[in-house]
Amino acid sequence: MQENDFVSIWLEETGNPAIEEINRLNQQLAETTAASIKENQLNENDLAVALDINPDEIKRWLNGRHVFSFKVLESISRQVKPA
């Protein structure tokens, strides 16, 4: 994670296990999504167009800096197969 990421800083200071688990799951989901995009021979822009979302938001998801919503998860699952 980036050194200036406020979530990482907060976790480092507080050590909240529940938040750490959410962060771990979000990062795992980001990695799975990135693998699925690659496996389906797509790129971040293809996914952004398919979901009608700004490509910068896709980048934030895949970097683990933005939490996926259930609505977005449902949309992604229709666009790419699991890795």
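The values are calculated or read from the model by the stated rules, or taken from the named source; none is laboratory data. Owing to the predicted nature of the structure, the values given are computational and were not obtained by experimental measurement. As a convention, Cβ positions derive from the backbone with ideal geometry for all residues, glycine included, and neighbour counts pool all protein chains shown. Remember, those area values only see protein heavy atoms, side chains included, never the ligands or the DNA or RNA. Shrake-Rupley method; radii C 1.70, N 1.55, O 1.52, S 1.80 Å.
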Report task. Among the residues of the stretch 37-48, write down those that are more than 13 Å from VAL72 (Cα to Cα) and either part of a helix (DSSP H, G or I) or open to solvent by 50 Å² or more (accessible area, probe 1.4 Å) (or both). Result -> ILE37, LYS38, GLU39, GLN41, LEU42, ASN43, GLU44, ASN45, ASP46
Requested in this report: Please go through the stretch 1-50 and pick out each residue that is among the β-branched types (Val, Ile, Thr) and touching a Phe, Trp or Tyr at 6+ places or on another chain (Cβ under 9 Å).
Outcome: ILE19, THR33
Query raised in the report: How many residues, within the stretch 17-28, are in contact (Cβ under 8 Å) with a residue 40 or more places away in the chain and open to solvent by less than 60 Å² (accessible area, probe 1.4 Å)?
Result: 2
Query raised in the report: Counting only residues that are among the basic types (Lys, Arg) and assigned to a loop (DSSP other than H, G, I, E, B), which one in the stretch 61-83 is modelled with the highest pLDDT?
Result: ARG65
